[in-house]
Structures are given as structure tokens and as C-alpha cells.
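J.: Quick one: the structure is below, and I'll ask about it shortly.
The values are calculated or read from the model by the stated rules, or taken from the named source; none is laboratory data. None of these values were measured; they are calculated from a predicted model. For neighbour counting, all protein chains shown are included, and Cβ atoms are generated from backbone atoms with ideal geometry for every residue, glycine included. For the accessible areas, the whole protein counts, side chains as well, though only heavy atoms, and no ligand, DNA or RNA atoms are used. Shrake-Rupley method; radii C 1.70, N 1.55, O 1.52, S 1.80 Å.
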Amino acid sequence: PIDPKDIKKIILIGCGSAYHSCVTAKYWFEELTNIPIEIDIASEFRYRKIKLNKKNLYVFVSQSGETADTFAALDLCKKNKVKTCSIVNVVESSIARSSDFVLPIHAGPEIGVASTKAFIGQMLVLYILGIKISEVRKEISKLDYEKKINDLKKLPDLIKETLNYCQDYTPIIAKDFLNAKGAMFLGRGLSFPIALEGALKLKELSYLHAEGYAAGEMKHGPLALIEEGLPVVILAPKDRYFEKTISNMQEVIARGGKVILITNENNKIISENVRFTLEIPMTDDHLTPFLMTIPLQLLAYHVASLKNYDIDKPRNLAKSVTVE
């Protein structure tokens, strides 16, 4: 058994959307626990000279549980007899069978090639793992733990509300992407991995070039890409990064970018030069990524739909990546 009190470090490993769920989890784990956290792309992890340690926990995230690179990385850990845990949607898969522990997502079969509900499921399981480890290590109070669980129970209704609200607006916003050369997705903190995931979804479904960036990185190069009419999706929930992100948004507006702002802040300090604002419901800061994800998935869906592309089977991609 793995005693959370004995864990020296947690390493989160995945590919594609699963990797983005790991990036999100890094922020949660660092805030909730005192454990150092590392994240790695499976295809990089397996080829590096890693210092494996029996006091570390290696967590592998995969929808299918058959992802070749992730399985090979897990295999490397097994050969070195370190502690492994997998977060998968298919419990009878190779990755699940080879891990010391399995945390199933139970999202049901993911029909489309591009991961949507499985991505939210991966984040959910990682978040629950984070608060549980924190509670066992007494790094959050019992009261705080219970509040976080209760907030989670409200999440399905908030997701439903977000879906209903965004379904009306995203088809209109999608039209802006039809003649675009590409798109940018910007966020800070927990919104950064969601920006990466939003860009990936747009690439996968609509074959448009899209970049996800930490908003603070804008002025270190990517600002050169901003030109008149470029769609830029800004993720700016009302958190400790809000003012900074809004200031990055002004830089984009000043250079002619078409801003689509996604926020849960309903006071109207927002610039009149924003092309569209989508307001998601307020919730605990830790849970905002779940709600931020939905408009981005819908956006990719509607852009692909307007282009008449096969949304469930994007070109060149396979449902389960079993090749290296």
C-alpha cells in the first residue's frame, strides 16, 4: 500500500489531453499539499535519464489505458519497482492491469476521437486524489475538505448551466474562426492548461493552427503573431491573476486581435473592445477549470461543424494511440 504521508514526490505523466489534465493537477496538488510535483509528457519521460525513487508516486493518465508511450513509461517504472497509479477510463486496459493502483474515471465510452468528457473525468479524479492526499496528510482541515467535497457535488448542475448558456453563443462566435489564419488561447494559473486544451481541441477538430499560452508569456514573442482580426480567446476568471490577465487582454486589443473573453466576473469593468464575453457561473477557484473547458470544447465543435468536417473522426488521428 502507498501511505500518502510517506510520498516524497508525485510525478504525473500523460499524452495529449491527458497531459493537460496533469498540468492542471500540478496546480491543485501544489496548493493542497506540501508534496513537490512534476509533470511529464510520456514520450519524453521514457527516454530521459530519470532518477526513479521508491518514495515517489508515479501517476499515469490515459483515456484508453492502451496509449503506447504512456504504457512504456509505466513499464519502465514497474521494472524499477517504484509505486505506480493509473487514472484510466477503461479498467481492463493494459495500463490499468500493470499499475499498483487504479483510479477509474467511469466516464463511459468516449465515442469521438478527441477527448472531451474523459478529459473532464481525468481532471475530476486527479482533483479528488489531491484533496484526499491533503486530508490524510492533515494539510487541509476536515472542514475545508468537506467544503471542497460539497462544492464538487454542485459541479454537475453548474456544468449543465454552462452548457445551456454556451450552446446559444458558441455557434455565433465560431463564425469568427472560419477565415482566420489561426487562433490564440491565453490563461494564467489553472486557466493556462485549459488554454492548452482549448487550442488542442481546435487543432484536432477544425484543423486550424492554434496556440495555447501562459498569458504572461505573450510579450516574450507570441505578441508578434497578433494582427488585425486574429481570434484570441482569453480565459480570465475572477482569481488572483484576473487584473494581470485583463492587462494582457488590453495588449491584444491594442494590436487588433479579436478578443473572446471567458470569465465569471460579472461587473462590467471589461473593455468595450471585447468582441464576445462568455460568462460562466461562479464556483470555488479550484473548480473553475471544469467550467472553462466547456465553452472551448463547444467552440472547436462548432468551428468544425461550420467547416463540415467529421467531428467524431478527425483526419490522421486514432481513437487509441497504440503506436509510438
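J.: Restricted to region 68-119, and to residues that are out of contact with any helix residue (DSSP H, G or I) (no Cβ under 6 Å at 6 or more places or on another chain) and under 22 Å from Lys153 (Cα atoms), which residue is surrounded by the most Cβ atoms within 10 Å (Cβ to Cβ)?
T.: Ala118
J.: Here is a further query. Of Phe177, Phe185, which residue is buried (at least 22 other Cβ atoms within 10 Å of the Cβ), within 20 Å of Pro314 (Cα to Cα) and of a type in the set (Phe, Trp, Tyr)? First the steps, then the outcome.
T.: On the way: Phe185 fails: within 20 Å of Pro314 (Cα to Cα).
Among Phe177, Phe185, only Phe177 is buried (at least 22 other Cβ atoms within 10 Å of the Cβ), within 20 Å of Pro314 (Cα to Cα) and of a type in the set (Phe, Trp, Tyr).
J.: Name the residue, out of Gly198, Gly256, Gly229, that is open to solvent by 10 Å² or more (accessible area, probe 1.4 Å) and either closer than 24 Å to Phe119 by Cβ or touching a strand residue (DSSP E or B) at 6+ places or on another chain (Cβ under 9 Å) (or both). If you could, list the steps in order and put the result at the bottom.
T.: Numbers: Gly198 fails: open to solvent by 10 Å² or more (accessible area, probe 1.4 Å); Gly256 fails: either closer than 24 Å to Phe119 by Cβ or touching a strand residue (DSSP E or B) at 6+ places or on another chain (Cβ under 9 Å) (or both).
The conditions single out Gly229.
J.: Right, next: Let me spell it out: the conditions are (1) in contact with a helix residue (DSSP H, G or I) (Cβ under 9 Å, 6 or more places away or on another chain); (2) farther than 16 Å from Trp28 by Cα; (3) open to solvent by 30 Å² or more (accessible area, probe 1.4 Å); (4) charged (D, E, K, R), and Lys153 meets all of them except one. Which number is the exception?
T.: (1) is the only condition that Lys153 fails.
J.: Next question, about the same structure. Considering only region 291-308, I want to know if a residue exists there that is in a loop (DSSP other than H, G, I, E, B) and either modelled with pLDDT of 95 or more or farther than 19 Å from Gly187 by Cβ (or both).
T.: Within region 291-308, one or more residues are in a loop (DSSP other than H, G, I, E, B) and either modelled with pLDDT of 95 or more or farther than 19 Å from Gly187 by Cβ (or both).
J.: Looking only at region 214-226, count how many residues are outside any helix (DSSP H, G or I) and under 21 Å from Leu190 (Cα atoms). Working first, answer last.
T.: So in region 214-226, the residues outside any helix (DSSP H, G or I) come out as 214, 221, 226.
Adding the requirement that they be under 21 Å from Leu190 (Cα atoms) leaves 214.
Residues flagged as outside any helix (DSSP H, G or I) and under 21 Å from Leu190 (Cα atoms) within region 214-226 amount to 1.
J.: How many residues does region 259-300 contain that are farther than 22 Å from Asp157 by Cα and open to solvent by 80 Å² or more (accessible area, probe 1.4 Å)?
T.: Looking only at region 259-300, we keep the residues that are farther than 22 Å from Asp157 by Cα, and these are 259-261, 267-276, 300.
Of the ones still in play, those that are also open to solvent by 80 Å² or more (accessible area, probe 1.4 Å) are 268-269, 272-273, 275.
Residues that pass the stated criteria total 5.
J.: Of the numbered conditions (1) surrounded by 24 or more Cβ atoms within 10 Å (Cβ to Cβ); (2) modelled with pLDDT of 95 or more, Ile35 satisfies every one except a single condition; which is it?
T.: Evaluating Ile35 over (1) surrounded by 24 or more Cβ atoms within 10 Å (Cβ to Cβ); (2) modelled with pLDDT of 95 or more leaves (1) as the failure.
J.: Take region 129-150 and flag every residue that is open to solvent by 40 Å² or more (accessible area, probe 1.4 Å) and either touching a residue at least 60 places away in the same chain (Cβ under 8 Å) or not aliphatic (A, V, I, L, M) (or both). Don't jump to the end; show me each part of the working.
T.: Step one: filter region 129-150 for residues open to solvent by 40 Å² or more (accessible area, probe 1.4 Å), giving 132, 136-139, 141-144, 146-147, 149-150.
Within region 129-150, Lys132, Val136, Arg137, Lys138, Glu139, Ser141, Lys142, Asp144, Glu146, Lys147, Asn150 meet the criteria.
J.: Any idea which residue in region 1-26 is surrounded by the most Cβ atoms within 10 Å (Cβ to Cβ), counting only those that are of a type outside the set (Val, Ile, Thr), part of a loop (DSSP other than H, G, I, E, B) and more than 24 Å from the chain's Cα centre (by Cα)?
T.: Step one: of region 1-26, the residues of a type outside the set (Val, Ile, Thr) are 1, 3-6, 8-9, 12, 14-22, 25-26.
Restricting the remaining residues to those that are part of a loop (DSSP other than H, G, I, E, B) gives 1, 3, 8, 15.
After this cut, where a residue has to be more than 24 Å from the chain's Cα centre (by Cα) as well, the list is 1, 3, 8.
On the way: Pro1: 6, Asp3: 8, Lys8: 11.
Among residues in region 1-26 that are of a type outside the set (Val, Ile, Thr), part of a loop (DSSP other than H, G, I, E, B) and more than 24 Å from the chain's Cα centre (by Cα), the one surrounded by the most Cβ atoms within 10 Å (Cβ to Cβ) is Lys8.
J.: Any idea which of Ile87, Ile39 is β-branched (Val, Ile, Thr) and in contact with a Lys or Arg (Cβ under 6 Å, 6 or more places away or on another chain)? So that I can check it myself, show each step before the final result.
T.: Details: Ile87 fails: in contact with a Lys or Arg (Cβ under 6 Å, 6 or more places away or on another chain).
Going through Ile87, Ile39 in turn, the sole match is Ile39.
J.: Then there's this: If the requirement is being more than 28 Å from Leu306 (Cβ to Cβ) and not in a loop (DSSP other than H, G, I, E, B), which of these qualifies: Glu211, Glu251, Glu265? Explain how you work it out, then say what you get.
T.: Working: Glu211 fails: more than 28 Å from Leu306 (Cβ to Cβ); Glu265 fails: not in a loop (DSSP other than H, G, I, E, B).
None of the others qualify; the one that does is Glu251.
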